[in-house]
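Worksheet: the structure to be examined is printed underneath.
The values are calculated or read from the model by the stated rules, or taken from the named source; none is laboratory data. Predicted, not measured: the structure shown is a model, and the values here were computed from it. Neighbour counts are summed over all protein chains in view; Cβ atoms, including those assigned to glycine, are modelled from backbone coordinates with ideal geometry. Just the protein is used for accessible areas: all its heavy atoms, side chains included, with ligands, DNA and RNA removed. Shrake-Rupley method; radii C 1.70, N 1.55, O 1.52, S 1.80 Å.
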Amino acid sequence: MTAVARLVDLTKFYDLGAVVVKALRGVSLEIPEGDYIAIMGSSGSGKSTLLNLLAALDRPTQGQYILNGRDTSQMSDNDLSVVRNSDIGFIFQSFNLITQYTVLENIEVPLLYRPGYPPITARDRNRCIDVANQVGLGDRLDHRPFQLSGGQQQRVAIARALINDPAIIMADEPTGNLDSKTEEEIMQILTDLNNEGRTIIIVTHEKSVAQRTSRQIYMKDGLIAGEGIFPG
Amino acid sequence: MSFSRFLRTLTLALKSVMLHKLRSGLTMLGIVFGVFSVIAMLAIGEGASSQAQKQVLELGATNIIVRSIKPPDETSSSGQSGQSFVLRYGLTRKDLNVISETIPPILGVVPVRELTQEVRNQQHTLNSRIVGSTPEYLEMNHLKMAQGRFLTDKDLDQMANVVVLAYETAQVLFPFDNPVGRPVQIANRAYRVVGVTQDRTASAAIGGSLSGQDYNKDVYMPILTLQSRLNTGDLFIRRTQGSFSAVSVVYDQITLKVGDTDETTDDRDLVIPTAEVVRETIRNLHGEGKNDFAVVVPLELLKQADQIRKIFNIVLGSIAAISLIVGGIGIMNIMLATVTERTREIGIRRALGARRRDIIQQFLTETIVLSGTGGLIGIMMGLLTPAAFVGIQLFVDAYVMDKSTGTSDIGRLFSGMEPQVAVWSLPLAFGVSVAIGIIFGTYPARAAARLDPIEALRHE
């Protein structure tokens, strides 16, 4: 298996003037294609910082993050945007749908920012509908987010993450705002996607979520403390 | 930027604007009123100037008008009671001859002598202005005949006892009959009516140099007839309480025509130098210090009116521009609030791959849509200005009219203004409102694009 992403001694410091917060102190990680990873750890462990770097929302202070063969650590803001658009699919804890848009329009948002701004074709639109069907939203295309349940909103977010066929799907506490039954449904969708060969990284607190992944990474004090599910 | 992308950005902006209809509407109001006031004020200015221009053209752009003026120092001496003497002033036959024979650009000379007299037809009477002049008077004052003919050279040579009635004079004196061929009495003599002029709206005064003229109550007769029959020579005697006062004026006014055709620029260039020569000539003839005449050049008045209009336009334009700026600040304020309110949306878009310039474009387009729509509404309101003025006038005429004088000051104020929307002001106003959108939208849009995506996503 080829590595879709490789982290080489990543550090991230936040200079707050009086103190320098060392959020990541040298993280190295290899993520093969089709991997299904849970990143765990208590708050302050640096897992959110790691997630931001993995999602190309931020640049490391030092080290390299090679995604799809390209080093993102020195990229300009513009290039990072392009990476986020074409290589990353983002799923948030609080769904983060655009409230004034319908389900279909929300799924289309990443298409608006494709490099070169190609027009949205009928084929693109059909793909949106296909993806929506895939996550079980086929009958809700014209609904607005406030007309949907939490689970349905998260399905929209998953569909949106899939639309540009990204290299990695990043999920930040995807079930944090959902009840256990819905959590089960969402996790099933993610597991199915992994079975199709998609690389998925989930940041989570919950053991039940982590248990469904094939690899668990435990963070502590800005370092990877170990792999496997740790109690507590 | 491709067309489809432009359309997409525009649709996005329209959607966002429509999302908060009330807020967008109120935000637009500033621009709406700004643009409306720019167009309305320019329209009022334009209307005023075209009216002034029309008046001056009626007076004749290539004419020079020389008027007799009662000199101020001799007015005071005539105030002595119980004395009778003759006050001589004004333009003389010698002036007329010298001017018409020695100044080459002057092609035509029309002398005028005016008196106010009662004109009578049986029981119908009217206090009329009796104008003694020559046949050229008709053309020079842009009068037209309704019936019969105007005065002819033959009338002048023969000192014929004929008159031409102005429109209203004919209406009053001959309410039921055709006046042509009928006699009227002026100062106990009979004159035959040979023609009636067409209705002509009164000209308003221009800048104090020329008083307004109401041509409709005139009676025209050959100048020699007037001078020989209504005057004792050139003397005109008026009996006032306890004394006689006699005034000797040969001509009240001489209108000089410069060049030959009315519309060529060459002739117009001649007007002002010629007027200067005329002024010098008459001053030499009358002697220094005897200010008993005045030279009025309509072309000069036109230039003055133009100058005043320009100042007027600048002042009005600045006021309107200030309201546009205030409107722009209002838009900027709302857009800044919108950026804060939609921080999370910005974060989402950034996380999904929007670049900084996509965000700038989105918010800038939204601002331009707001200001541009405001501009269009303002333009539409501006186009209604002339109609609104007519409406105000009708309303004032119907409800606020002063019954005693037949009209009201307010009504007259509005009837004097006929706004004309200047066509060039429409694209200008639209351009300015779009420019305001760009100027006042750039800062909020940049503020939105500067947001750190991680911070923005965390924003509640």
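For region A:107-132, backbone nitrogen atoms closer than 14 Å to the point 7 Å from A:Asp192 Cα along Cα-to-C-beta are found at A:130-132.
Hey, with R₀ at 56 Å, roughly what FRET efficiency would B:Asp306 and B:His20 work out to, going by the Cβ-Cβ distance, to 0.05? Intermediate results must be reported in sequence, preceding the final value.
Values: r = 47 Å, r/R0 = 0.84.
The formula returns an efficiency of 0.75 here.
Shape analysis of region B:247-376 places it in the prolate category; the axes a ≥ b ≥ c from the Cα gyration tensor give an a/c of at least 1.5, with a/b above b/c.
Relative to the longest principal axis of the Cα atoms of chain A, helix A:77-87 runs at roughly 60 degrees.
So, for the protein assembly as shown, what is the accessible surface per residue at a probe of 1.4 Å, expressed in square angstrom?
47 Å²
Show that you can apply the helix-only estimate: for chain A, add -39,500 (n - 2.57) for every DSSP H stretch of four or more residues, divide by all residues, and state [θ] at 222 nm to the nearest 500.
Working: 7 runs with 77 residues, N = 232.
After summing the helix terms and dividing by residue count, I get -10000 deg cm²/dmol.
Anisotropy class assigned to region A:128-219 is oblate, per the alpha carbon gyration tensor with a/c at or over the 1.5 cut-off and a/b no larger than b/c. For region A:174-207, the residues whose backbone nitrogen is under 20 Å from a point 7 Å from the Cα of A:Arg215, taken along Cα to Cβ, are A:174, A:190-207. Modelled spin-label separation between A:Asp77 and B:Val390, with each label point placed 7 Å from Cα along the Cα-to-Cβ direction: 5.6 nm. The antiparallel fraction among DSSP beta bridges confined to the protein assembly as shown stands at about 70%.
Excluding A:Gln154 itself, what net charge comes from residues whose Cβ is under 14 Å from its Cβ, given Lys and Arg +1 and Asp and Glu -1? Combined, the nearby Lys, Arg, Asp and Glu give -2. Probe radius 1.4 Å, ligands and nucleic acids ignored: give me the carbon and sulfur share of the accessible area of the protein assembly as shown as a rounded percent. About 55 percent, which is the carbon plus sulfur part of the accessible surface.
With each label modelled as a point 7 angstrom along the Cα→C-beta vector, the B:Arg192-A:Val20 pair spans 12.0 nm. Length available on full extension from B:Tyr443 to B:Glu460: 0.36 nm per residue minus the Cα-Cα distance, which gives 3.9 nm.
Projecting the Cα positions of A:Ser43, A:Ala210, A:Thr2 onto the charge dipole of chain A (unit charges on Cβ atoms of Lys, Arg, Asp and Glu, taken about the Cα centre) puts A:Ser43 furthest along the positive direction. Over all pairs of different C-alpha atoms in region B:10-74, the reciprocal of the mean inverse distance, the Kirkwood hydrodynamic radius, equals 17.0 Å.
In plain terms, the chain from B:Lys54 to B:Thr102 could stretch by 14.1 nm, reckoned as 0.36 nm per residue minus the Cα-Cα distance.
For the pair B:Arg93 and B:Asp177, a Förster radius of 51 Å applied to the C-beta separation gives a FRET efficiency near 0.85, rounded to the nearest 0.05. In region A:15-37, whose amide N lies under 18 Å from the spot 7 Å out along Cα-to-Cβ of A:Gln62? List them in ranges. Only A:15-16, A:20-29 fall inside the zone, counting backbone N under 18 Å. The eigenvalues of the Cα gyration tensor, multiplied by 5 and square-rooted, give the protein assembly as shown an equivalent ellipsoid with semi-axes of 95, 25, 20 Å from largest to smallest. When the Cα convex hull of chain A is projected onto planes of every orientation, the mean area is 13.3 nm². Taken across both chains, chains B and A shield about 2500 Å² of accessible surface from a 1.4 Å probe.
Taken about its Cα centre, region B:276-346 carries a charge dipole of roughly 200 debye when the Cβ of each Lys and Arg holds +1 and the Cβ of each Asp and Glu holds -1.
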